[in-house]
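Chemist: Okay, here's the structure, questions in a sec.
The values are calculated or read from the model by the stated rules, or taken from the named source; none is laboratory data. The structure displayed is predicted, hence computed values, not measured ones. Counting neighbours? That spans all protein chains shown, and the Cβs are built from the backbone with ideal geometry, glycine included. Calculation scope for accessible area: heavy atoms of the full protein, side chains included, ligands and nucleic acids excluded. Shrake-Rupley method; radii C 1.70, N 1.55, O 1.52, S 1.80 Å.
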Amino acid sequence: PEAVTLYGIPTPEGRTPTFCFNVDGHPPRDVAELLAEQDIYVWDGNYYALEPMRALGIEDSGGAVRAGFLHYTTEAEVDRLLEALWSLTTS
């Protein structure tokens, strides 16, 4: 969704399967809690990556949300996350 800011490389080439993002108008902790209510588990905060968070200018606002996808993550699970983020951005 347009209201989601994805940090890092924007294409799959050279990217790890970990995504750091924020949702406009929602603190990272709130996003993590709202997703958890839908059985979608992510992390929020700075993940001990203080310097990158400072460089991105998001350390003082609670960091970011972090989602990880690996070989066992299904397309349906990815779709569930995207749908949940979409619903957050349109509410």
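Residue-wise test of (1) within 12 Å of the chain's Cα centre (by Cα); (2) at pLDDT below 95.
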| position | (1), (2) |
| --- | --- |
| Ile9 | no, yes |
| Gly14 | no, yes |
| Thr18 | yes, yes |
| Asn22 | yes, no |
| Pro28 | yes, no |
| Val31 | yes, no |
| Leu35 | yes, no |
| Asp44 | yes, no |
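Chemist: Tally the residues that are touching a residue at least 24 places away in the same chain (Cβ under 8 Å), open to solvent by less than 50 Å² (accessible area, probe 1.4 Å) and outside any loop (DSSP other than H, G, I, E, B), restricting the search to the range 35-58.
Modeler: 1
Chemist: Could you look through the range 59-89, keep only residues that are within 11 Å of Val23 (Cβ to Cβ) and assigned to a helix (DSSP H, G or I), and pick out the one that is most open to solvent (accessible area, probe 1.4 Å)?
Modeler: Of everything passing the filter in the range 59-89, Trp86 is most open to solvent (accessible area, probe 1.4 Å).
Chemist: So which residues in the range 46-86 are under 14 Å from the mean Cα position of the chain (by Cα) and of a type in the set (Ser, Thr, Tyr)?
Modeler: Answer for the range 46-86, where residues must be under 14 Å from the mean Cα position of the chain (by Cα) and of a type in the set (Ser, Thr, Tyr): just Tyr47.
Chemist: Answer yes if at least one residue in the range 7-27 is part of a helix (DSSP H, G or I), among the acidic types (Asp, Glu) and open to solvent by 60 Å² or more (accessible area, probe 1.4 Å), and no otherwise.
Modeler: No, there is no match, as no residue in the range 7-27 is part of a helix (DSSP H, G or I), among the acidic types (Asp, Glu) and open to solvent by 60 Å² or more (accessible area, probe 1.4 Å).
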